[in-house]
Amino acid sequence: MERTYIKDLKDHVGESVCIRGWISVRRDQGKMVFFDVRDMTGSVQTVVLTKSPALEVAKTTTRESAISIMGTVNKRPGKNITVGVENGDIEVSVGSLDVLGASDVPPFEITEDTSMVDEKTRLQYRYLDLRSERMQKNIRLRSEFVRACREYLFAKKFTEIETPLLTESTPEGSRDFVVPSRLHPGSFYALPQSPQQYKQLLMVAGMERYFQIARAVRDEDLRADRGFEHSQIDIEMSFVEQEDVMAIVEDMMTETVEKLGFKVREKPFPRFTYAEAMEKFGADKFDLRTDDEKKTGVLAYAWVHKFPFFEKTPEGGWTFTHNPFSAPLPEHADDLLHGRNIEHILTAQYDLVCNGFETAGGSIRAHRPGILRAVYKTMGYSDERIEDSIGHMLKAFTYGAPPHGGIAIGIERVLMNLTGESYLREVQAFPMTRGGQTAVMNAPKPLQGKQLNELGIEIKKKKV
Ligand code: ASP
């Protein structure tokens, strides 16, 4: 018999059905056994009556077991209707019960809010944690959001392109995760901190409108809203100016979140220069919602732009504030080229802020080799070091590079905004512990001697 999803049971009253799912709650009343059964669409009460041939199996079937039930959908008598509960007015009378996968006693209650469960246990048993209603909702909402963005971007003539995971260490500002090479012992790949350079090369390659649901990996200290890995909707466009990129992102964010039933506080999104934001909020990310609005889940988007390009290093030199591949604002190009007024040079960088988080960041890029070179000169790079780190970009830009710019939207940050969650781990399927241990599996861990030999790596003994 074909399976009926639990949310559709109400259309099958009086009929025989087959449902599959897990037992959330079991109540053994001796002569009868009740199970609350849930599948990915909902939850329903089932009852194994005294005369049911399934009663014996039901007596030994444990909570959280995966089961298949054949039964009849009945209207509950008036006095038994649970008001305000999904499927509170129907129940399935069980004819036969198959245990497809028996469950041991779970290490924590899955029917409750699991955010209070100790982090280590929660992540060790993440597959059980993900069964909880809140986690199911969060992860599915994430999928819906990404899907809506994909659909939006395809409709606007973007092409989805993957870029390499094993790549060269880039000067994006964070520490790289590195991967040793077997074929070139002693040499290392880096995992991408973002697809920045490849997406720019795709613009030189004439792809014009690129996007990717990209993984970005950064070896940074872990925080509530920052993990080693995050995903971003990574976008790059050719023949555009700052306004064009901002317009498409604003339209996409509005369309997708409204489609998912959320409300945007102010349209068009208000804009603040970096200087205004610092003066008004004392920070470049801020929350525009009133206390009352915070209870309603409204999304207060705002743009911040006109950032300083450079900031002082502790050693007294200069480094970029956001992205070394950005262009200066056109009126500051001359100063950059001549190394003048460095502290006053503004960059064509724009950040999207929402409810206190930086949700997206991007810029118009330097597409002329002279400008990009000047950025690196300002940061004190010698010609040789420039050639070594970005020579390939400078060369690519000598072959008809179109003006281009883009942005990356942090998927976890958006989901934290949508769900109201305060921790990244509530919107990622398999996040790491605060100590950097993988969920369920045991990494990082030492390599075997044979693997180390192949890689030509010797591990220094810890001093005792
Ligand atoms: N590469 C930048 C980042 O990952 C985003 C961008 O400028 O497009 O933050």
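The values are calculated or read from the model by the stated rules, or taken from the named source; none is laboratory data. Only a predicted model underlies this, so the values are computations on that prediction, with no experimental measurement involved. So basically every Cβ, Gly included, is an ideal-geometry build from the backbone, and we count neighbours across all protein chains shown. Just the protein is used for accessible areas: all its heavy atoms, side chains included, with ligands, DNA and RNA removed. Shrake-Rupley method; radii C 1.70, N 1.55, O 1.52, S 1.80 Å.
Structure summary
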read-out	value
Cα radius of gyration and Dmax for the chain (Å)	27.6, 91
Apportionment of accessible area to carbon and sulfur, segment 55-123, percent (1.4 Å)	54
Per-selection Rg to Rh, segment 27-110 - Cα, Kirkwood hydrodynamic radius	0.95
For E220, solvent-accessible area (1.4 Å; no DNA, RNA or ligand), Å²	40
For segment 38-186, size of Cβ-based charge dipole, Lys and Arg +1, Asp and Glu -1, in debye	340
Positive-end residue of S93, S65, Q45, charge dipole of segment 1-115 with Cβ unit charges	S93
L299 long-range amide H proximity, modeled H, under 5 Å	K263, V264, R265
Solvent accessible area, Å² - H338, 1.4 Å probe, full protein context	120
Over 27 Å between alpha carbons, listed pairs K267/K294; K137/K280; K120/K263; K120/K259	K137/K280; K120/K263; K120/K259
Accessible area in square angstrom per residue, the chain, 1.4 angstrom probe	52
Segment 357-377 and segment 253-307: distance between their alpha carbon centers, rounded to Å	24
DSSP-assigned coil residues among trypsin sites (Lys or Arg not before Pro) in segment 1-109, each with at most 15 further Cβ atoms within 10 Å	K31, K51
Lys, Arg +1 and Asp, Glu -1 on Cβ, resulting dipole of the chain about Cα centre, debye, nearest 20	1340
Protein accessible area in segment 307-376, 1.4 Å probe - carbon and sulfur %	52
Rounded to the nearest 10 Å², the accessible area of D292 at probe 1.4 Å	110
Between segment 183-212 and segment 48-102, the alpha-carbon center distance in angstrom	54
Hull volume in cubic angstrom per residue (convex hull over the Cα atoms of segment 193-349)	163
Segment 159-288, accessible surface, carbon-and-sulfur percent (1.4 angstrom probe)	50
